[in-house]
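Derivation of every value follows stated rules applied to the coordinates shown; laboratory data play no part. Since we're looking at a predicted model, the values are computed, not measured. Quick reminder, even Gly has a Cβ in these numbers, built from the backbone with ideal geometry, and neighbours come from all protein chains shown.
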Amino acid sequence: MTAGRLGLIATPRQGNRHLPGVTWCADTGCYGRGYPGDERWLAWLARLSEHAPQCAFALAPDVPGDAAATLARSRPWLAAIRDLGYPAGYAAQDGQEHLPVPWDECDVLFLAGSTEWKLGPHARRLAAEALGRGKTVHMGRVNSLRRLHYAQQIGCSSVDGTYLTFAPDTNLPILLRWLDTLHASAAPTPTGAPR
């Protein structure tokens, strides 16, 4: 992390220590059982606001797999996230293609939802629209080289996953090789011609 090869994703319940200069993102813990409630989540972000300049985004509370419920739950928090100095992240979920995205209120589109949805055409189109609007795109639950390549292809600038949670001593060298492969495939050709 201190070498800039990996970042940190943190939730209120993890208790991760923030290292100076390390890029990170603030997740909510809504996926699973880690969300501490609105007041504690916002207080956690406020406590970490000194680290906001290194934060790629702070995700607004969402409802995994449900775009309509996520829009209703997230929208009121996007301004509060920005007020604390963080870029505001909005989680696109299954069905988002039928609903408005609060583009003017968020800075990052987080591709969440089911695996089928986020790897499908609707999420891909939303990623393209986000990029066209000058937003960045993040994909959650990326745990293979194949998924890393796909995220790169659709313009994601960051991803997260649980790959290092299991056997980190074994999996860290593998993940670093994946990243080397990914960066090599994104490198310009020697002539500078597009690939």
Looking only at the stretch 86-110, which residues are over 18 Å from residue 139 (Cβ atoms) and either crowded, with 20+ Cβ neighbours inside 10 Å or touching a residue at least 60 places away in the same chain (Cβ under 8 Å) (or both)?
-> 86
Please give the number of the condition residue 135 fails out of (1) of a type outside the set (A, V, I, L, M); (2) without any contact (Cβ under 8 Å) to a residue 24 or more places away in the chain; (3) closer than 23 Å to residue 22 by Cα.
-> (2)
Strands (runs of 3 or more DSSP E) (entirely within the stretch 1-84) containing at least 3 residues that are surrounded by 12 or more Cβ atoms within 10 Å (Cβ to Cβ), within 16 Å of the chain's Cα centre (by Cα) and not small (Gly, Ala, Ser) = 55-59
Check 52, 92, 67, 80 and return the single one that is touching a Gly at 6+ places or on another chain (Cβ under 6 Å) and over 15 Å from residue 11 (Cα atoms).
-> 67
